[in-house]
Structures are given as structure tokens and as C-alpha cells.
Amino acid sequence: MVRKDDLDFLRVLDGRLHSSEIVYYAGGPNVWGNKGLRHKFLEAKIKAAEIERLKEIVERNQDLAFGLSTVDYGFSPAYDILEIRAIFPHVITTNYLLRFCERQLPEDVNHQDIYNCVTKSKKNMSKLEFAGIKVRTPQVYFY
């Protein structure tokens, strides 16, 4: 179970960095029958101290993992704090609690720093593996 103060911090930070909306798009048997989530990254930047706190939060909460993703059709790196839960044996759910992208990183932090943060922690990697999430080599995320 994620601590309440950690969950509150993640929600506030996500609200400052990212928004999402449900959109309908063409495809399938019904021309506008499919819906998905469109992510919008706001102009705000994450602070180096907030990244350090994210690392601490993920380390102390068993249900959280720091993951890598992409945005802009796969051309830009993005970063996720995921809540991972086992509902039943072999049924695992993931929920994004925070998402931010490379252009929101502070000047003194780059993609390689975040990649190292994600992959150097054996505890974090085992959480991602448990959820079936594979972390690719850093070159895959470069554009």
C-alpha cells in the first residue's frame, strides 16, 4: 500500500506537469467508436529535488516503480511512476500516478541520469519485471 503523503505528492506533481483527456478516434467497426487517452505535457519543469524525492518514494513503497516510456509518437523519452498491484495470481495491474517528459527535466539532469536511476536499482527492475515491463537500452529512447 502506498503511503498517503507519497500519493498526495505524486498527484500534486502530476497535476503541475501533465494533463490527459479522453479522445475518440477513427478505427474499428464504428468509425468514431474507439477512445483513448491523450497526454499533454505542460510547460512546467520538474526540479532536481523532486526527482530525488521520487527516487526515495519508489524505494520505500513496495507497490511503486520508476519506468521509462516515450511520447511524441516514440521520438521523445518520458518517465512514469507506476503503481503495480497483483490482483490475483498472474493478474497484475499498472496505474500511472505520474508522467513527465524529457523536455521537463531540469538543466542539470538528462535522460541518461534518469535511465541509470531506473536500471541501477535492482529493486526497481524486479518490480518492473514482475509487472511484465521491459526496459530497453537507452539508444532506443534517443531520437
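No lab work stands behind these numbers, since they all come straight from the coordinates. This is a predicted model, so every value here is computed, not measured. Virtual Cβ from ideal backbone geometry, glycine too; neighbours counted across all protein chains shown.
Dividing the C-alpha radius of gyration of region 90-137 by 2.2 N^0.38 Å, with N its residue count, gives 1.32. Listed cross-link partners Lys4/Lys134; Lys4/Lys40; Lys55/Lys122; Lys55/Lys127 are compared with a 19 Å cut-off, the Cα-Cα value being larger for Lys4/Lys134; Lys4/Lys40. Extension gain, Tyr24 to Ser126, is 33.2 nm, computed as 0.36 nm per intervening residue step minus the present C-alpha separation. For Asp5 and Arg136, the FRET efficiency from 1/(1 + (r/R0)^6), where r spans their Cβ atoms and R0 equals 35 Å, is about 0.60.
Largest GNM mean-square fluctuation across Gln112, Gln104, Gln62, computed for the chain with C-alpha springs under 10 Å, falls on Gln112. Relative contact order of the chain, taken over Cα pairs closer than 8 Å and 6 or more residues apart, is 22 percent.
Inverting the pair-averaged 1/r between distinct Cα atoms of the chain gives 16.2 Å as its Kirkwood hydrodynamic radius.
With helices as the sole contributors, the chain gives -10500 deg cm²/dmol at 222 nm; each DSSP H run of n ≥ 4 counts as -39500 (n - 2.57), and the sum is divided by every residue. Taking GluC sites (Glu not before Pro) as exposed when DSSP calls them loop and at most 15 other C-beta atoms lie within 10 angstrom, the chain has its longest site-free stretch at 44-106. Evaluating kT/(6 pi eta Rh) at 4 °C and 1.567 mPa s, with the Kirkwood radius of region 62-143 over Cα pairs in the Stokes-Einstein relation, gives 98 µm² s⁻¹.
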